[in-house]
1. Say each of residue 61 and residue 236 gets a label point 7 Å from the Cα, pointing the same way as Cα to Cβ; how far apart are those two points in nm?
2. Go ahead and run the numbers for FRET between residue 17 and residue 107, Cβ-Cβ distance against an R0 of 22 Å, rounding to 0.05.
3. In nm, to one decimal, how far is the modelled label at residue 46 from the one at residue 25, with both set 7 Å along Cα→Cβ?
4. If I build a Gaussian network model for the chain, linking alpha-carbon pairs within less than 10 angstrom, which residue out of 145, 171, 40 has the largest mean-square fluctuation?
5. Between residue 225 and residue 130, what is the spin-label point distance in nm, taking each point 7 Å from the Cα along the Cα→C-beta axis?
6. Quote the relative contact order of region 98-256 in percent (integer), defining contacts as alpha-carbon pairs under 8 Å separated by 6+ residues.
7. What does the C-alpha gyration tensor say about the overall shape of region 11-148? Classify as rounded when a/c is under 1.5, otherwise prolate if a/b is larger than b/c, or oblate.
8. Alpha carbon centre of region 106-172 versus region 216-256: separation in Å?
């Protein structure tokens, strides 16, 4: 089951938000589709804070399509008025086809020329149908399947790499390379080409996501125990990660 709240720092502040699994035929291309919809009262702003997954997103919004690179810090977006977005958290196999150098998009984004995708997703989202989100995800998946084409063995290997690094918050890059029967250097090259981040940065981001969720949902969790379970050297390293990326200590995040 898809964890809707993982990566969202303050779920109670989030307007309507959905994560949908891709259809089976797009399972090698997309981790999931995420769809927020909002209708904010005039004069008000809803600020959404996120610790994004270490992956790229292709995002359709009214009037534009953006390719958003992997991030190394917490981000936020201010929602106003009425709107929607349909994003695809891309698997590594999709990235090499859509962008030449994903590292150039680290902590950045760029307009992506895809008028057919924009038109199809907009029509689905604004048709007023009960299943508009599912329809939007399906047409998005269909577009990706046509654009990406055959998924080569090397791209599938990149998917395996990302899945392994994200599945176990306590894993190390050396462990991942050994499990995939490749050298550490090969693992690093795969991450650079298909994510734009080194494996260690992907692991740190996944650990922080997990730590933030547990601190938020388990108010009595012992931070030293949590640090050990997630592969941090000690409580101080966990606290430092919080301060560096989120700008606050775990205890302050818990109380907020």
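Nothing in this text is a laboratory measurement; each read-out follows from the coordinates by a stated rule. Worth saying up front: this structure is predicted, and the values here are computed from it rather than measured. Positions of Cβ are generated from backbone atoms using ideal geometry, with glycine treated the same way; all protein chains shown enter the neighbour counts.
1. It is 4.1 nm.
2. On the way: r = 23 Å, r/R0 = 1.03.
Efficiency at R0 = 22 Å is approximately 0.45.
3. Here the answer is 3.4 nm between the modelled labels.
4. Of the options given, 40 has the highest mean-square fluctuation.
5. In this crude spin-label approximation the distance works out to 4.6 nm.
6. On the way: 123 pairs, mean separation 31.2, N = 159.
Answer for region 98-256 is 20 percent.
7. Numbers: a/c = 1.71, a/b = 1.17, b/c = 1.46.
Oblate is the answer for region 11-148, as a/c is 1.5 or above yet b/c matches or exceeds a/b.
8. 31 Å
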